[in-house]
1. Answer yes or no: is there a residue in segment 61-69 that is among the β-branched types (Val, Ile, Thr) and open to solvent by less than 30 Å² (accessible area, probe 1.4 Å).
2. Would you mind stating whether residue 170 is part of a strand (DSSP E or B), within 25 Å of residue 14 (Cα to Cα), small (Gly, Ala, Ser) and out of contact with any Phe, Trp or Tyr (no Cβ under 6 Å at 6 or more places or on another chain)?
3. Before we move on, is residue 20 surrounded by 14 or more Cβ atoms within 10 Å (Cβ to Cβ) and within 23 Å of residue 130 (Cα to Cα)?
4. With 81, 74, 93 as the choices, which residue is within 27 Å of residue 136 (Cβ to Cβ), modelled with pLDDT of 95 or more and within 14 Å of the chain's Cα centre (by Cα)?
5. Please give the strands (runs of 3 or more DSSP E) falling wholly within segment 1-97 in which 2 or more residues are touching a residue at least 40 places away in the same chain (Cβ under 8 Å).
6. Could you check, for segment 112-130, whether at least one of its residues is assigned to a loop (DSSP other than H, G, I, E, B), surrounded by fewer than 18 Cβ atoms within 10 Å (Cβ to Cβ), in contact with a Leu (Cβ under 6 Å, 6 or more places away or on another chain) and at pLDDT below 95?
Amino acid sequence: MMPALSYRPDFLQQARADSLLESLLESIPWEQHSVRLFGKSVPCPRLSAWHGDPGARYAYSGTRHDPQPWTPDLLAVRDALTGVGPRPFNSVLLNRYRTGQDSMGWHADDEPELGPDPVIASVSLGARRKMRFRLKADHRQTHELWLDHGSLLIMREDCQRLWQHALPKSRKIAEERINLTYRLIL
């Protein structure tokens, strides 16, 4: 069994991906949120920002996020994603991994406001990173995928309901990475 994924390594041309990375590093008001782990509040091992339509509130890891307004860059990428999901995306979670030491543990994007089988479009900028998947019902069933600068990964259908994903730490990576995860908040 494999997760329901589509991958386009060349979604953005090199020059556009470079320009977008530089612009987002400078213009986004990055924050380090806290997450609840084993009953304790700890700093999230990455920086993030939430942008979208007014009212596209999103809650994860025990925190509710109100969207910042769309920027021209984020809208341009959203427009390029027209037709990827059943309806246009109304929000985007931006994750900034400053080095390979920033990471994200095992999780599924299965919050109620995303619906039962959300489509999530993930655009990668910057450092090449490995994304891992494991089946919720059997952690021995795994899959991994390298996400390149300018690439698009679409997690479709029952991916969030059946699978978890993670971005593990890597001592070999010194460069920054930004991940734009476009979503539809119902």
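1. No, there is no match, as no residue in segment 61-69 is among the β-branched types (Val, Ile, Thr) and open to solvent by less than 30 Å² (accessible area, probe 1.4 Å).
2. In short, no.
3. Spelling it out, residue 20 is indeed surrounded by 14 or more Cβ atoms within 10 Å (Cβ to Cβ) and within 23 Å of residue 130 (Cα to Cα).
4. Every option except 93 fails the conditions.
5. 5-8, 47-52, 58-60, 91-97
6. Yes, because at least one residue in segment 112-130 is assigned to a loop (DSSP other than H, G, I, E, B), surrounded by fewer than 18 Cβ atoms within 10 Å (Cβ to Cβ), in contact with a Leu (Cβ under 6 Å, 6 or more places away or on another chain) and at pLDDT below 95.
The values are calculated or read from the model by the stated rules, or taken from the named source; none is laboratory data. Since the model is a prediction, treat every value here as computed from it, not as a measurement. Neighbour counts run over all protein chains shown; Cβ positions are idealised from the backbone, glycine included. Surface accessibility is based on the protein's heavy atoms, side chains included, excluding ligands, DNA and RNA. Shrake-Rupley method; radii C 1.70, N 1.55, O 1.52, S 1.80 Å.
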